[in-house]
1. Just checking: which of the strands (runs of 3 or more DSSP E) contained wholly in the range 211-302 hold 1 or more residues that are of a type in the set (Val, Ile, Thr), farther than 30 Å from His53 by Cα and touching a helix residue (DSSP H, G or I) at 6+ places or on another chain (Cβ under 6 Å)?
2. Which of (1) outside any helix (DSSP H, G or I); (2) crowded, with 18+ Cβ neighbours inside 10 Å does Gln155 not meet, given it meets every other one?
3. Being touching a residue at least 12 places away in the same chain (Cβ under 8 Å), surrounded by 14 or more Cβ atoms within 10 Å (Cβ to Cβ), outside the structural domain of Glu250 (by TED's automatic domain parsing) and over 26 Å from Thr304 (Cα atoms), is that true of even one residue in the range 100-110?
Amino acid sequence: MSETSRNPVVTSVETWRCQRREALFDAARTGRSPMNWDVVVVRLSTDAGLHGHATALAARSSVVTQAHLHETIAPVVLGRPVSQREAIWHELWAIDRYLAFFPVYLPGPVDVALWDLAAQAAGLPLYQFIGECRTSLPAYASSLFMPGADDYVQQMRSYAARGFGAYKAHPPGPWRKDIELHRALRAAAGPDRVLMTDPVADYSLEDAIRVGRDLEQLGYHWFEEPFRDFELRKYAKLCAALDIPIAGTETTHGGPWGVAQAIALDAVDIVRADVSWKAGITGTLKIAHLAEAHGLRCEVHCTTMGFMDMANLHVSCALRNCEYFELLVPEEPFRFPMKDAYPIDGHGVAHVPSKPGIGVELDWDAVDRACVEHRITQAP
């Protein structure tokens with residue numbers, strides 16, 4: 001095997017800016033700004049003929065995402081071997097501080113594509129290239145925001161019929177209505193089914209304690225993001241007041257450094273990370289290992305994009321301290337542009353792909369149909 005094929009050098013960054021015109025959140029969360037759930041597909045090509053892929057979140061503006069990828073991130077990646085992932089990762093953090101101020105969902109996708117390339121060059125599935133811990137883990141169905149308790153109960157039952165042993169609600173608020181929803185789900189699910197809740201809320205501390213105590217009586221598995229992730233003192237008081245595990249840090253800025261502050265302040269019992277919003281696979285691994293060293297779980301958060309969720313699955317199968325694979329449901333709107341079906345069996349277990357790299361195919365016909373701008377930046 002030649003040195004080039006073992007350690008390929010990135011020769012171009014290519015993107016497809018895809019418009020989707022999906023309406024997946026309600027008006028209260030969409031607001032007056034357009035939210036079409038666009039996606040930017042990313043390809044890194046190399047001198048060895050290998051291609052690494054990722055997708056970048058562009059729910060509000062695909063133009064902003066694509067511009068960052070070509071104008072700010074591509075110059076850092078082009079002409080460099082994939083073995084320099086760590087050096088590239090740190091350089092991009094320096095650029096972030098010196099006035100790039102990336103959105104939380106960048107530059108993670110480029111890091112994912114670099115890992116995809118490195119694993120392909122090694123001839124290994126990504127989870128084995130990272131370091132294999134297992135080949136599967138249970139999935140939980142994770143709802144969108146819906147109008148009423150009956151909608152959640154019906155959805156929970158439909159995924160239970162498909163073998164899913166766990167369900168997480170994103171309740172619509174306010175907090176009193178959320179309590180009613182939590183009770184309705186437990187009554188419908190019975191005492192043994194695993195239930196979680198993630199209100200993505202802005203509760204007061206007092207109301208969060210009231211909700212949390214009710215959740216403890218109902219036997220919920222965790223209570224996630226009742227406040228904005230930057231309200232660390234508020235989280236610390238909540239953790240001290242409740243026995244139910246409090247999950248947070250999903251949207252925390254600063255990658256592993258941001259999560260470290262939450263851990264240091266005892267502001268979370270479970271940390272959240274993913275390969276899109278936490279600076280890629282490199283960032284997610286750092287967070288998971290940091291959590292493990294503090295005796296905490298790192299529950300990997302869905303990216304809302306099927307291909308990146310498969311990267312999540314690979315990372316989760318290289319970790320010991322992640323319990324579940326999160327599947328946002330209904331899943332079909334979030335699968336784009338992944339061609340493969342989600343690898344979840346009839347018992348609700350997600351099985352990691354076994355082909356080299358991330359190991360799933362993109363649907364290039366669907367990408368071409370949705371693409372409104374295709375750009376290539378090549379190495380000088």
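1. Working: elements: 222-224, 246-248, 270-273, 297-300.
It comes to 246-248.
2. (1)
3. no
The values are calculated or read from the model by the stated rules, or taken from the named source; none is laboratory data. From a predicted model like this one, the values you see are computed outputs, not experimental measurements. Neighbour counts run over all protein chains shown; Cβ positions are idealised from the backbone, glycine included.
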